[in-house]
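J.: This is the structure I have questions about; it appears just below.
The values are calculated or read from the model by the stated rules, or taken from the named source; none is laboratory data. Predicted model only: the values in this text are computed from it and were never measured. Cβ placement follows ideal geometry from the backbone for every residue including glycine, while neighbour counts extend to all protein chains displayed. Side chains included, ligands, DNA and RNA excluded: accessible areas come from the protein's heavy atoms. Shrake-Rupley method; radii C 1.70, N 1.55, O 1.52, S 1.80 Å.
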Amino acid sequence: MLFRSHGLGGHAEGTDGVGIAANLIKLPGVKWVFPDAPTMPVTVEGGKNIPSWYDIDRFTDTVETFVDDQPRILQSAQFVTGIVQELMASDGIPPEKIVIGGFSQGGAVALTAALHGLGKGANLGGVFALSSYLPMRDMYPAPMMADPQVAARTPMLLVHGDSDDILPFEFGTVTAQKLDSLGANVEFHRIYGMKHERLNAEETAILARWLGQLL
C-alpha cells in the first residue's frame, strides 16, 4: 500500500499525483492512494482559495522564521491517519505494509502523521518527504510523539534540491538532523541544481529504489 499526498495548489490526479508517481514508478502488487487536500484560502497566495493541506503565511529564507499552521497541519495529519486506519480495518493491511509520503506540504503532513498520528505501538512501513520539512520540529519528541521509539522503527526518505527557491535546502538538512536526533532510520539525498520540483529523473530513481527495497 502506497499513500502519496500532493503539495500546495496541487491535485491528486494532477502532475504531482497519479501521472507523475504511479505511472513513473511501477511496483507490481502495490495499491496507490492519492487523496486531495481541501480547498481553502491561502495567505501567501493572496487569500485565494486553492487546494492546500494548511495555510502558509509567507515563504521564508530560513526554517527558523517559517511559521507553521499548527491546527490545520494536525488536522490534515489526522485525516491521513484516518485513511491509514481505515485501510487497516477494512482491508486488513498491517501498518508496516503501508508507506506514506508526499511532495512539499504533502511530505510535511506525511512526516507529522507518521510520527504523531498513529499513536503508541504502531509504526508504518516507511515515510518519504520530497522537497519538504518537519513542521513544529521543536515539539518533538514531546509533546508530539506518543511513542518515542516510532522514529527508529520507521524507515524515512528525504530528498531536497539545493536550488529550491520555495523551501530552501536548509529545510531539508534541518529536518534530517532533527529526525536523526530522534533515532530515525533516515536516508537523505541532496539533488544538485534542483529547484522546488516534483519527481525529476534523479529523484524518481531514488524514490523507486527506496520503495523497491521496502516493498
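J.: What percent does the relative contact order of region 55-159 come to when contacts are Cα pairs within less than 8 Å and at least six residues apart?
T.: Once divided by the residue count of region 55-159, the mean separation gives 24 percent.
J.: While we're on this one: Under 18 Å from a label point 7 Å along Cα→Cβ of Thr43: give me every residue in region 97-128 with its amide N that close.
T.: Hits in region 97-128 for Thr43 at 18 Å: 105.
J.: With springs connecting C-alpha atoms under 10 Å apart, model the chain as a Gaussian network and identify which of Leu167, Leu157, Leu87 has the largest mean-square fluctuation.
T.: Taking springs between Cα atoms under 10 Å, the residue moving most is Leu87.
J.: Hey, what do the phi angles of region 192-198 turn into as Karplus ³J(HN,Hα) couplings, whole Hz, using 6.51/-1.76/1.60 and θ = phi - 60°, x for Gly and Pro?
T.: 5, x, 7, 8, 7, 10, 9
J.: Something else now. Suppose every Lys and Arg Cβ carries +1 and every Asp and Glu Cβ carries -1, with no other charges. What dipole size does region 16-126 come out with about its Cα centre, to the nearest 20 debye?
T.: 380
J.: At 1.4 Å probe radius, can you tell me the per residue accessible area of region 39-166 in Å²?
T.: 39
J.: Follow-up question, since we're still on this one. Report relative contact order for the chain in percent, whole number only (criteria: Cα-Cα under 8 Å, sequence separation at least 6).
T.: Computed value for the chain: 18 percent relative contact order.
J.: What longest range of the chain stays clear of loop-exposed trypsin sites (Lys or Arg not before Pro) (DSSP non-H/G/I/E/B, at most 16 other C-beta within 10 angstrom)?
T.: Result for the longest clean stretch: 121-194.
J.: Shifting gears a bit: Run lengths n ≥ 4 of DSSP H only: what is the helix-derived mean residue ellipticity at 222 nm for the chain, with -39500 (n - 2.57) per run over all residues, to the nearest 500?
T.: After summing the helix terms and dividing by the residues of the chain, the value is -8500 deg cm²/dmol.
J.: What helices in the chain pass both tests, a Cα length along the helix axis of 18 Å or more and a mean Kyte hydropathy of -1.0 or higher, using whole DSSP H runs?
T.: Span-like helices here: 70-90, 169-181, 201-214.
J.: Quick one: order Asp61, Asp55, Asp36 from most to least accessible surface, probe 1.4 Å.
T.: Accessible-area ranking of Asp61, Asp55, Asp36, largest first: Asp61, Asp36, Asp55.
J.: So if a site counts as exposed when it's one of the chymotrypsin sites (Phe, Trp or Tyr not before Pro), its DSSP state isn't H, G, I, E or B, and it has at most 14 other Cβ atoms within 10 Å, what's the longest stretch of the chain without one?
T.: Counting only loop sites that pass the neighbour cut-off, the longest clear stretch is 60-191.
J.: I need the shape label for region 109-215. Rule: rounded when a/c is under 1.5, else prolate if a/b > b/c, else oblate, with a, b, c from the alpha carbon gyration tensor.
T.: The shape class here is oblate.
J.: Something else now. Between rounded, prolate and oblate, where does region 115-164 land on the alpha carbon gyration tensor, with a ≥ b ≥ c its root eigenvalues, rounded for a/c under 1.5, else prolate if a/b exceeds b/c?
T.: Judged from the Cα gyration tensor, region 115-164 comes out oblate (a/c at least 1.5, b/c at or above a/b).
J.: Now for a different question. What figure in square angstrom, to the nearest 10, would you give for the accessible area of His116 with a 1.4 Å probe?
T.: Rounded to the nearest 10, that gives 60 Å².
J.: In addition: Using 7 Å Cα-to-Cβ label points, what is the Ala152/Gln177 separation (nm, one decimal)?
T.: Reported label-point gap for Ala152 and Gln177 is 2.3 nm.
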